[in-house]
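Nothing in this text is a laboratory measurement; each read-out follows from the coordinates by a stated rule. In this text the structure is predicted, and so the values were computed from the model without any measurement. Don't worry about glycine lacking a Cβ; one is built from the backbone with ideal geometry, like all the others, and counts go over all protein chains shown.
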Amino acid sequence: MSDTVSNVAILDRRQVLTAAGAVAVAGFVMGPGFAFAKPEDAAARVKEATGGAAVKEGRITIQLPQIAENGNTVPVTVSVESPMSDADFVKVAHIFVDGNPTPDVASFHFSPMSGKADFSTRIRLAKTQNVIVVAQMSDGSFFTASQQIKVTIGGCGG
Amino acid sequence: MAKARIKVPSSAKKGEIFEIKTLMSHNMETGRRKDKKTGELIPRKIINKFECVYNGKTVFSADFHPSISANPYLAFSCRATESGKLEFRWTEDGGAVTSETKEIQVS
């Protein structure tokens, strides 16, 4: 009987220590008062943007460098396959990331007059993470693509 | 807001798809940086919206969040339909708007 009790006590102590360690590590990596978005937050934003509709892979090409030495300005080019006619065009393309303080990066709204659903811009990336693009077509369907990028020096000015 | 640089072809054939490049000088303050002297957070001030209007119709627009780099650069496409004006508008947090206009001849 006393054995079981002490076992429980040891387990408890171990759990407490592990938890404390995890908090300490997290605090060290992120810095005080500076929380990064978790991959779940990005996934939640994707879900919000699509309204829970089915999202298919494909039709989107993301061009990113494999390694970004400076996370302050990372060039990104996205193109979405579409005829861009009055009947069938890309309405909007969102960029989300899963390792910045907030998952939203930008949303780009197209029209049939765009001719092509492509754009280039420059983004800030705090650390190595995934860049996710979600595009909504004029018929209401959604497509997605994502790419991981390694970041040497983060660009969120902490 | 400071000056914008815009690259648009001066002429295009009807139906042709041309590329527009814009570069706006703006430090896109994220609201997460601290003033090194006082230790206080510098309030967020970014361009949150960009629009391209072709003869009164919005061809392309973008909503920006703080993860867009300083001096926001954008390249996008547009189909030449008729001669006229291309208006570019940048809206800053707080509502200040900077706009620029370029003319295009479509033959």
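Considering only alpha-carbon pairs that sit under 8 angstrom and 6 or more positions apart, the relative contact order computed for region A:119-158 is 49 percent. Please give me the summed charge of the neighbours of B:His26: other residues whose Cβ is under 13 Å from its Cβ, Lys and Arg +1, Asp and Glu -1. Here the count lands on +3.
A DSSP coil position with no more than 13 other Cβ atoms inside 10 Å describes the following GluC sites (Glu not before Pro) in region B:19-51: B:Glu40. Along chain B, counting only trypsin sites (Lys or Arg not before Pro) with a DSSP assignment other than H, G, I, E or B and at most 11 other Cβ atoms inside a 10 Å radius, the longest segment between sites is B:38-107.
Charges were assigned to the Cβ only: +1 to each Lys and Arg, -1 to each Asp and Glu. The resulting dipole of region A:39-153 about its Cα centre is roughly 260 debye.
Taking 24 Å as the limit for the C-alpha separation, the pairs B:Lys14/B:Lys49; B:Lys45/B:Lys85; B:Lys45/B:Lys102; A:Lys56/A:Lys127; B:Lys14/B:Lys85 exceed it in the case of B:Lys14/B:Lys49; B:Lys45/B:Lys85; B:Lys45/B:Lys102; A:Lys56/A:Lys127. Couplings 3J(HN,Hα) for region B:26-33, derived from phi with the Karplus relation 6.51 cos²θ - 1.76 cosθ + 1.60 (θ = phi - 60°), are 6, 7, 6, 5, 7, x, 10, 7 Hz, where x marks Gly and Pro.
Taking only C-alpha pairs under 8 Å that are 6+ residues apart, what is the relative contact order of region A:39-153 in percent? Computed over region A:39-153, the figure is 35 percent.
In terms of other Cβ atoms within 10 Å, B:Ser83, B:Ser67, B:Ser10, A:Ser79 run from fewest to most in the order B:Ser10, B:Ser83, A:Ser79, B:Ser67. Here the label points at A:Ile67 and B:Thr58, each 7 Å from Cα along the C-beta direction, are separated by 4.2 nm in the simple model.
Using a cut-off of 11 Å between beta-carbons, work out the net charge of the residues near A:Val90 (Lys and Arg +1, Asp and Glu -1, A:Val90 not included). Neighbour charge sum, excluding A:Val90 itself: -1. Electrostatic bookkeeping for B:Lys85 treats Lys and Arg as +1 and Asp and Glu as -1; over the other residues with beta carbon under 14 Å from its beta carbon, the sum is -2. Footprinting exposure proxy ranking of B:Asp93, A:Asp118, fewest other C-beta atoms within 10 angstrom first, gives B:Asp93, A:Asp118.
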